[in-house]
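Since the structure comes first, as structure tokens, the remarks are kept for the end.
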Amino acid sequence: MGRGIMNRVILVTAIGGDVGHSILKCLKNESDVLIGCDIDSHPVGLDVVDKFFSSLPAGNEDYISQISNKCKIYNVTHLVPVSEHEIEAIIHHLDIFERLNVKVLINRKEIVDICLDKYLTAQRLEHLGLDIPEYFSEDNFVADGRKYIVKFRKSCGSKLLTIITTQKELDKISSSVSELLIIQEYIDASDEEYTVGVFSDGKEIRIISFQRRLQGGYTKFVKLVDDSSITRDAIIAAQGLGLVGSFNIQLRKSGGKNYIFEINPRISGTVNFRHQLGFEDVRWWLDMMDEREVQPYVKKYKSAIGIREMNEKFLLLS
């Protein structure tokens with residue numbers, strides 16, 4: 001049996017994506033019952049879960065009703081919403097799941113509201129005295145010949161991410177989209193990009209940092225680093241935002257400064273990389289919610305290099 005007296009029944013959403021599938025990898029060796037859902041009827045991870053159902057998109061008006069009904073049917077004890085859209089939908093209906101005695105792995109609403117909006121994130125980090133790229137809204141941007149990167153204020157992954165140098169380029173983007181934009185100073189240091197996992201139980205803050213390389217919007221390569229300045233800044237961010245749970249910080253180093261350009265208020269795509277190194281934030285978060293002892297963070301290795309691989313498998317053969 002796993003840790004604790006009774007097994008959990010854990011519903012993980014969006015299991016076909018890199019984050020959901022990675023969460024399943026972290027949980028599959030435990031004795032908990034795993035339920036999965038995804039908008040794709042044949043997602044990656046289908047062979048890992050004990051039960052699966054096709055879910056509605058998070059923007060559908062019946063999404064919350066569907067998820068809560070499935071929690072009843074499968075006697076779900078814990079819900080792990082994975083994507084930003086799902087988190088944003090569920091954060092407004094936590095009372096429904098509370099009445100069902102379903103514990104939701106989700107950050108405080110203030111953290112979700114701030115960190116799902118890159119402009120609000122930049123404002124809060126600036127207030128905390130942390131280094132961030134210079135940033136603008138569409139209305140207050142003035143081109144000065146330097147490179148800037150245009151992003152949706154509320155998005156995930158590599159959506160949009162267009163480099164500009166002129167007002168004309170920004171105007172062209174603005175006229176083609178309806179979403180609000182943020183324009184950030186472009187930190188030209190792609191070989192010095194870091195992803196930082198942060199977990200806090202409200203008392204102790206735990207940090208793990210990777211230098212990373214991206215490919216197609218996903219982390220392809222990671223190298224474990226022990227950087228005191230990154231640890232310092234991550235602690236400041238966690239304390240300043242009142243973190244109780246897990247989130248992910250993304251930054252680039254340049255000129256001796258750590259420029260934080262994003263915080264994801266959720267479990268991130270590198271979760272299984274860090275899980276394999278003893279940083280078990282999914283398990284810690286579950287234990288914390290169940291008021292069980294959170295196991296200590298035992299740093300297994302001083303150095304580590306990881307790669308994300310592709311593989312093929314059949315879900316059904318006859």
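FYI, it's all coordinate maths here, none of it is from the lab. Everything quoted here is computed from the prediction, not taken from an experiment. Every residue, glycine as well, gets a Cβ built from its backbone with ideal geometry; the counts of neighbours run over all protein chains shown.
What the table below lists for this structure:
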| quantity | calculated |
| --- | --- |
| Highest to lowest packing among 47-55, 95-103, scored as the average C-beta count within 10 Å | 47-55, 95-103 |
| Length gained when the stretch residue 161-residue 302 is fully extended (0.36 nm per residue, less Cα-Cα span) | 47.4 nm |
| The chain - mean residue ellipticity at 222 nm from DSSP helices (-39,500 (n - 2.57) per run, n ≥ 4, rounded to 500) | -8000 deg cm²/dmol |
| Gyration tensor verdict on region 276-318 (Cα atoms; rounded if a/c is under 1.5, prolate if a/b is larger than b/c, oblate otherwise) | oblate |
| Lysines with Cα under 28 Å of residue 172, excluding same-chain neighbours fewer than 8 positions away | 118, 147, 151, 154, 159 |
| Region 197-318 - Rg (one decimal) and Dmax (whole number), Cα, Å | 15.8, 59 |
| Region 134-185 - percent relative contact order, Cα under 8 Å, separation 6 or more | 53 percent |
| Projected-area average for region 134-185 over all orientations - Cα convex hull basis, square nanometres | 3.3 nm² |
| Convex hull volume per residue for the chain, taking Cα atoms only, in Å³ | 153 Å³ |
| Cα-based reach from residue 28 at 18 Å (exclusive), listing lysines while leaving out same-chain residues under 8 positions away | 51, 313 |
| Sorted largest first, extent of region 9-106 alpha carbons per principal axis (Å) | 31, 25, 21 |
